[in-house]
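The values are calculated or read from the model by the stated rules, or taken from the named source; none is laboratory data. Just so it is clear, the model here is predicted, and its values are computed rather than measured. Heads up, the Cβs are rebuilt from the backbone with ideal geometry, glycines too, and the neighbour counts pull from every protein chain shown. In case anyone asks, the SASA skips ligands and DNA or RNA and just uses the protein heavy atoms, side chains included. Shrake-Rupley method; radii C 1.70, N 1.55, O 1.52, S 1.80 Å.
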Amino acid sequence: MVKLWLSERPVLEKVFLVKAEKVKILLGLGGNLPSGQRSPLQTVRESIELMQKLNIEITSVSPFFETEPVPASGQPNFINAAVIGNTTHRCDVLLGLIKELEVKLGRQPAERWSARTIDIDILAYGDSVFPNIKAWQDVVNDADPAAILAEPVVPHPRLHKRAFVLAPLSEIAGKWKHPVLGQTVKEMMKADLIVEQMPHIRKLQENQ
């Protein structure tokens with residue numbers, strides 16, 4: 001049994017009363033395969049509900065969009081959305097929890113660009129850049145369009161190239177500024193690459 005001197009107790013109480021700081025996060029969600037009896041839209045909605053049980057406080061949810069696969073293929077169209085949230089998890093812990101949630105919702109190991117029940121990406125974690133700016137830039141500039149690292153790469157290295165990410169995000173975080181590129185979501189939406197993709201994206205009505 002460990003005994004504490006009276007003089008030590010106030011110090012320990014202060015340590016245990018310190019709360020972990022909340023970090024604002026942006027997440028992108030998408031899927032194009034049914035999961036059990038759930039449609040892709042239902043799976044994306046359920047993923048948002050389940051995240052809140054993982055110490056991820058969801059504060060805003062975008063409208064849902066139906067988007068054609070990127071790159072183009074014979075796959076079914078995707079359902080995409082974005083959310084704003086707060087969490088006290090470290091970025092690497094958050095990534096691990098998200099990957100576990102994807103498996104719970106029926107995601108199976110598969111090749112990149114393949115159809116999936118659910119895909120949840122960390123788009124931003126506060127104003128942080130992980131692993132560091134140089135490593136982030138190396139991934140962005142990699143000749144492999146699917147290049148990624150085992151550790152979190154944040155902001156998402158391809159969010160500024162994907163209309164299916166920016167369109168939902170612009171609905172709830174249009175003024176968010178990319179910590180490396182220095183552009184807001186609204187500004188990134190004006191890039192020629194994004195404008196060319198927009199005809200392949202359709203916002204769903206609220207009752208769909």
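When Gly106 is evaluated against the numbered criteria (1) surrounded by fewer than 13 Cβ atoms within 10 Å (Cβ to Cβ); (2) outside any strand (DSSP E or B), which criterion, by number, is the only one it fails?
Answer for Gly106: the failing condition is (1).
Only residues in the stretch 147-176 that are of a type in the set (S, T, N, Q) count as the first member; pair them with residues that are surrounded by fewer than 22 Cβ atoms within 10 Å (Cβ to Cβ), Cβ under 7 angstrom, at least 6 apart or cross-chain, and list the lot.
From residues that are of a type in the set (S, T, N, Q), the pairs are Ser170/Lys186; Ser170/Met189.
Specify which of the listed residues (Ile25, Ile120) is open to solvent by less than 30 Å² (accessible area, probe 1.4 Å) and either of a type in the set (Asp, Glu) or out of contact with any Lys or Arg (no Cβ under 9 Å at 6 or more places or on another chain) (or both).
It is Ile25.
For the stretch 142-157, name all the residues that are closer than 22 Å to Gly182 by Cβ and modelled with pLDDT under 95.
Within the stretch 142-157, Asp142, Pro152 meet the criteria.
Consider only pairs whose beta carbons are under 9 Å apart and that are at least six residues apart or on different chains; among these, list those whose first residue lies in the stretch 37-54 and is at pLDDT 95 or above and whose second residue is open to solvent by less than 20 Å² (accessible area, probe 1.4 Å) and basic (Lys, Arg).
none
Considering only the stretch 63-84, state which residues are crowded, with 21+ Cβ neighbours inside 10 Å and not aromatic (Phe, Trp, Tyr).
Listed by number, the residues that qualify are Thr67, Ile79, Asn80, Ala81, Ala82, Val83.
Got at least one residue in the stretch 138-149 being buried (at least 20 other Cβ atoms within 10 Å of the Cβ) and either of a type in the set (Ser, Thr, Tyr) or in a loop (DSSP other than H, G, I, E, B) (or both)?
No: the stretch 138-149 contains no residue that is buried (at least 20 other Cβ atoms within 10 Å of the Cβ) and either of a type in the set (Ser, Thr, Tyr) or in a loop (DSSP other than H, G, I, E, B) (or both).
Examine the stretch 63-82 for a residue that is at pLDDT 95 or above, in contact with a strand residue (DSSP E or B) (Cβ under 9 Å, 6 or more places away or on another chain), in a loop (DSSP other than H, G, I, E, B) and within 16 Å of Ser47 (Cα to Cα), and state whether such a residue exists.
yes
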